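Presented below is the structure to which this report refers.
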Amino acid sequence: MKRPVAYIAGTGRAVPSNVMSNFDFAAIGIETTDEWIVERTGIKQRHIAKTESVTDLASTASRAAMQKAGVQPGELDIIVVATASPDRLLPSAAVDLQAAIGASRAAAFDVGAACSGFIYGSTVAEAMISIGNADTALIVGVERLSSITDWTDRSTCVLFGDGAGAAVLKRAKQHRGILSTFVRSDGSLGDLLCRPGGGGARPFSSEVLNDRSQFIKMNGREVFKNAVRSMSDAATRALDAAKLTSADIDLMIPHQANIRIIEATAKHANIPMSKVYVNVDRFGNTSAASIPIALDEAIEQGQLGEGSTVLLVAFGAGFTWGSMIVRL
Ligand code: ACO
């Protein structure tokens, strides 16, 4: 096993105060039932931002992670933000976060990998630490998906939630830290989950707004099949790269999109559900934020502690997927 280059020194999270339950969809004219949503997805409620911006959520999660890591904002060398729903399209969400927390020394940039963004961001940060460009990095997965969700489309609007999760990575001194990472993508499947309007190809216009193509469009069945296949493969790849087996894993934290995707991935990876962290019932799918939120909760609840080995596995639009094994 390789000696880790970087370790997770602290984690944090933030979610909006407003909670929307499955029963609240009736009030906005969506024909659905709690039974349908729970049976197909496992989701019972989600946090939906009313006042909190992406920068607000990211700042709160980041400050919590820095406090636990004993790191001051001025010590950060890099800030990597993973998001598909930034407050504004230019400049990056990372520089807005940098300004909000006062991390004046850092190089700040976003990664675009949708729900796999936390794994991609951590992989890039680990590489920058490895080549000597950084000693201390802040990785944040943050989304306000409610602002890019079509609230008239019942096949997508029941799935998503808002929130942020953050981790501080520091140069490893001992045998704890990131043991392996694996990232892959397949851009030929990009149309299956995308926001067709509002970019350079179809700039905002009355036509874009009329056909609601500024919002997330998804082929749910295809996403489902690909998610199970790719997350199962990613779990095995990270284990092989770290020369570990599923028996060595104390907890698996999969991207929280859907309980059926999580259960199928765990089965393929040969990890019992008793060792799989699930919070999709409380938060829905928070995309890039889902893994760091779950990681922070699992540490806070004592399900993970120093010396624990955790397998993180993600899948998202792109398609992108990836995995990471960390000894805490
Ligand atoms: N309430 C009630 N009925 C609904 C709803 C709803 N919210 N949404 C769709 N339906 C109806 C459809 O209209 C359809 O009705 P019809 O048969 O009369 O046409 C019926 O339910 C079946 O629709 P399907 O889309 O085929 O349902 P499916 O069993 O595929 O479940 C779901 C849909 C839950 C979206 C599933 O495909 C899924 O979980 N896919 C994964 C998607 C995902 O997690 N995406 C997140 C982003 S990517 C990521 O993070 C990994």
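Observations, loosely collected:
- Failed item, numbered, when residue 194 is tested on (1) in contact with a helix residue (DSSP H, G or I) (Cβ under 9 Å, 6 or more places away or on another chain); (2) under 29 Å from residue 33 (Cα atoms): (1)
- 2 or more residues open to solvent by less than 20 Å² (accessible area, probe 1.4 Å) and within 16 Å of the ligand (Cβ to nearest atom): qualifying helices (runs of 4 or more DSSP H) within the range 193-295: 220-241, 259-268, 280-283
- Members of the range 179-192 found to be assigned to a helix (DSSP H, G or I) and open to solvent by less than 30 Å² (accessible area, probe 1.4 Å), listed by number: 190
- Residue tally, condition part of a loop (DSSP other than H, G, I, E, B) and either out of contact with any helix residue (DSSP H, G or I) (no Cβ under 8 Å at 6 or more places or on another chain) or open to solvent by 60 Å² or more (accessible area, probe 1.4 Å) (or both), over the range 120-161: 8
The values are calculated or read from the model by the stated rules, or taken from the named source; none is laboratory data. In this text the structure is predicted, and so the values were computed from the model without any measurement. Ideal geometry is used to build each Cβ from the backbone, glycine not excepted, and the neighbour counts take in all protein chains shown. Only protein heavy atoms, including side chains, enter the accessible area calculation; ligands, DNA and RNA are left aside. Shrake-Rupley method; radii C 1.70, N 1.55, O 1.52, S 1.80 Å.
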